[in-house]
Amino acid sequence: MEAIFMMSSVSLFYFRSTSNRALFEHCKCGLCGFNSPRLSAQGLVGIPVSADLYACDKNTDFTVMKAPWVAPTERGTCSFMDKIQVASTRRPRAAMISNSQGKR
């Protein structure tokens, strides 16, 4: 069975408190599974704050869980499906999984 992925655009608008500036970043660096149910999603970013920062534990909480929000997690420790299922119990608009910074 062959997995099919599509490239996706990722836009991020955020505030950096160290420089007191709002920043915008955009890249065509994302991958979506062919069966991804979303064409787009937007909302506040809620990062994992529980003991398990990889969002593999079913009790993982996020810094933001009020709609609309998105759940980013980092690759590692468990399967992508496990991460998506954990996040989905908190009802984000989307779950995103990224590589560690500087790794591919």
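Below is a table of values for the structure above.
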quantity: Test result for GLY30, touching a residue at least 60 places away in the same chain (Cβ under 8 Å) and of a type outside the set (A, V, I, L, M); calculated: yes
quantity: Condition broken by ASN59, with the remaining ones in (1) modelled with pLDDT of 80 or more; (2) surrounded by 10 or more Cβ atoms within 10 Å (Cβ to Cβ); (3) touching a Ser or Thr at 6+ places or on another chain (Cβ under 9 Å); (4) not in a strand (DSSP E or B) satisfied; calculated: (2)
quantity: Where a residue in the range 54-72 is within 15 Å of MET96 (Cβ to Cβ) and its partner, wherever it lies, is crowded, with 17+ Cβ neighbours inside 10 Å and of a type in the set (Ser, Thr, Tyr), with Cβ under 6 Å and at least six apart; calculated: ALA55/THR73
quantity: Residue within the range 24-44 that is at pLDDT 85 or above, surrounded by 12 or more Cβ atoms within 10 Å (Cβ to Cβ) and among the aliphatic types (A, V, I, L, M) present; calculated: yes
quantity: Residues of the range 44-58 that turn out to be under 9 Å from THR73 (Cα atoms) and aliphatic (A, V, I, L, M), as a count; calculated: 3
quantity: Top-ranked residue of the range 62-90 - restricted to ones that are out of contact with any Leu (no Cβ under 6 Å at 6 or more places or on another chain) and of a type in the set (Phe, Trp, Tyr), ranked as farthest from GLY46 (Cα to Cα); calculated: PHE80
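The values are calculated or read from the model by the stated rules, or taken from the named source; none is laboratory data. The model shown is predicted, which means the values in this text are computed figures rather than measured ones. Please note: Cβ atoms are built from the backbone with ideal geometry, for glycine as well, and neighbour counts cover all protein chains shown.
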